[in-house]
Amino acid sequence: MNVLVTYATRHGATAGIASRIADSLTAAGHDARAVPVEDVTDIDGYQAVVLGSAAYMFHWLKPAVRFARHHHAGLAARPVWLFSSGPIGTDQVDAQGQDVRISTRPKEWDELVPLIRPRGEAVFFGAYDPTAPAIGLGETLMRRMPAAAKTLPAGDFRDWDAIESWAAEIATALAGTVA
Ligand SMILES: Cc1cc2nc3c(=O)[nH]c(=O)nc-3n(C[C@H](O)[C@H](O)[C@H](O)COP(=O)(O)O)c2cc1C
């Protein structure tokens, strides 16, 4: 099956997750490619779509939100999965005791899920390199805060086993879908 894995990234961590998902789907016998959302003009040639973005300040990146809104009819008409990249760090629960993969669910999913009706959604731990130049005012300001090292722990926290298991679930679901 022809699968588009499309993503929005600021610093590249989400691109890495998208590539791993595309590689896993390809290894499972599908024809999958990872493409930045900015480079996708239409989804007609794809039978299924995996759409992902990094989360910043509780929001998905704007190019991913724009893509989802613009293509919502086409997305709703085919099997779709959503993923988000972020949180960072090793804490599995936040100060309120909630799983961080729930508390960092991007705000836009409340709007997009009913619109697109994805078969599944996943939040994966991301990566953050404080030596890379900051992108955008919000990131620049956050880095200057005294608690920056605690709020923004440095490192690559991507859980490749979780990412590959999720991709395997998608591959299995697609194998049972009539093209
Ligand atoms: C300034 C800043 C704000 C962030 N805000 C969030 C957030 O609100 N929720 C979250 O889950 N992750 C947040 N993160 C973590 C990023 O989502 C994570 O580093 C992600 O993997 C980056 O992906 P990218 O390299 O594709 O841009 C933030 C990171 C930075 C640097």
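The values are calculated or read from the model by the stated rules, or taken from the named source; none is laboratory data. On a predicted model such as this, the values are computed, not experimentally measured, just so you know. Heads up, the Cβs are rebuilt from the backbone with ideal geometry, glycines too, and the neighbour counts pull from every protein chain shown. Just so you know, the surface numbers come from the protein's heavy atoms only, side chains and all, with ligands and any DNA or RNA stripped out. Shrake-Rupley method; radii C 1.70, N 1.55, O 1.52, S 1.80 Å.
For segment 1-100, list the strands (runs of 3 or more DSSP E) that sit wholly inside it and hold at least 2 residues that are of a type in the set (Ser, Thr, Tyr); which are they?
The qualifying strands (runs of 3 or more DSSP E) are 2-8, 48-56, 80-85.
Does residue 82 satisfy the criteria of being modelled with pLDDT of 95 or more, crowded, with 22+ Cβ neighbours inside 10 Å and away from the ligand (no atom under 16 Å from the Cβ)?
no
Just a yes or no: is a residue in segment 113-122 acidic (Asp, Glu), within 12 Å of the ligand (Cβ to nearest atom) and closer than 21 Å to residue 5 by Cβ?
Scanning segment 113-122, I find no residue that is acidic (Asp, Glu), within 12 Å of the ligand (Cβ to nearest atom) and closer than 21 Å to residue 5 by Cβ, so the answer is no.
Give the residue, chosen from 105, 66, 101, that is at pLDDT 95 or above, within 26 Å of residue 19 (Cβ to Cβ), away from the ligand (no atom under 16 Å from the Cβ) and open to solvent by 50 Å² or more (accessible area, probe 1.4 Å).
Of 105, 66, 101, the one residue that is at pLDDT 95 or above, within 26 Å of residue 19 (Cβ to Cβ), away from the ligand (no atom under 16 Å from the Cβ) and open to solvent by 50 Å² or more (accessible area, probe 1.4 Å) is 66.
For segment 1-55, which positions are within 12 Å of the ligand (Cβ to nearest atom) and basic (Lys, Arg)?
10 - this is the single residue of segment 1-55 that is within 12 Å of the ligand (Cβ to nearest atom) and basic (Lys, Arg).
Can you tell me how many residues in segment 108-146 are outside any helix (DSSP H, G or I), free of Cβ contacts under 8 Å to residues at least 12 places away in the same chain and surrounded by 12 or more Cβ atoms within 10 Å (Cβ to Cβ)?
Residues that pass the stated criteria total 1.
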